[in-house]
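> Dropping the structure in here first, questions after.
Values in this text are rule-based calculations from the coordinates and carry no lab data. Here the structure is a predicted model, which is why all the values come from computation and not from measurement. Heads up, the Cβs are rebuilt from the backbone with ideal geometry, glycines too, and the neighbour counts pull from every protein chain shown.
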Amino acid sequence: MKYSILNAIIYDILFGFCDKKPHLRNNAFVKMAMKYCLSDWVLWRTEDIMKDVDRQIEEIQEEWAEEDPNLEYIEHEPNGSKAQKSLGGAMEIKSPWSDG
């Protein structure tokens with residue numbers, strides 16, 4: 001994803017200023033700058049949140065491996081549906097006491 005980190009930071013700073021001083025929201029320059037920088041900020045925040053989600057997934061997988069090493073974590077390939085193209089294939093956990 002291409003975005004301008006400078007625009008994202010400008011939006012974040014302006015957003016913080018507007019929280020502290022609500023009258024700034026009515027300023028034409030602030031409105032114009034925030035509108036211009038919003039898409040870059042959204043992409044930046046999305047990327048940041050997805051990195052955090054990936055980190056959390058790794059932590060959970062490590063916890064599961066430590067809790068019961070006999071549990072098997074399986075991630076299936078996407079089946080081509082629109083949802084699975086975005087999110088990935090189905091996931092399951094198999095235990096040693098299950099039949100299938």
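> Using only Cα atoms and rounding to the nearest 10 degrees, what angle (0 to 90) does helix 28-67 make with the longest principal axis of the chain?
With rounding to tens, the tilt is 20 degrees.
> Give the angle, between 0 and 90 degrees and rounded to the nearest 10, that separates the Cα long axis of helix 5-20 from the longest principal axis of the Cα atoms of the chain.
The answer is roughly 70 degrees.
> To the nearest 500 deg cm²/dmol, what mean residue ellipticity at 222 nm is calculated for the chain from DSSP H runs of n ≥ 4 alone, each contributing -39,500 (n - 2.57), summed and divided by the residues? Spell out each step's value before the answer.
On the way: 3 runs with 62 residues, N = 100.
For the chain, the value works out to -21500 deg cm²/dmol.
> Over 30 Å between C-alpha atoms is what I'm after, so list which of LYS31/LYS82; LYS20/LYS82; LYS2/LYS85 land there.
Those over the limit are LYS31/LYS82; LYS20/LYS82.
> Mind checking the full-extension length gain between GLU92 and ASP54? Use 0.36 nm per residue of separation minus the Cα-Cα distance, one decimal, nm. Working shown, then result.
Details: separation 38, 0.36 × 38 = 13.68 nm, distance 1.76 nm.
The span from GLU92 to ASP54 would gain 11.9 nm if fully extended.
> Then there's this: All other residues with a Cβ under 15 Å from the Cβ of LYS35 taken together, and with Lys, Arg as +1 and Asp, Glu as -1, what is their net charge? Intermediate values should be presented prior to the final figure.
Values: positive: ARG25, LYS31; negative: ASP12, ASP40.
Taking every other residue near LYS35 into account, the sum is 0.
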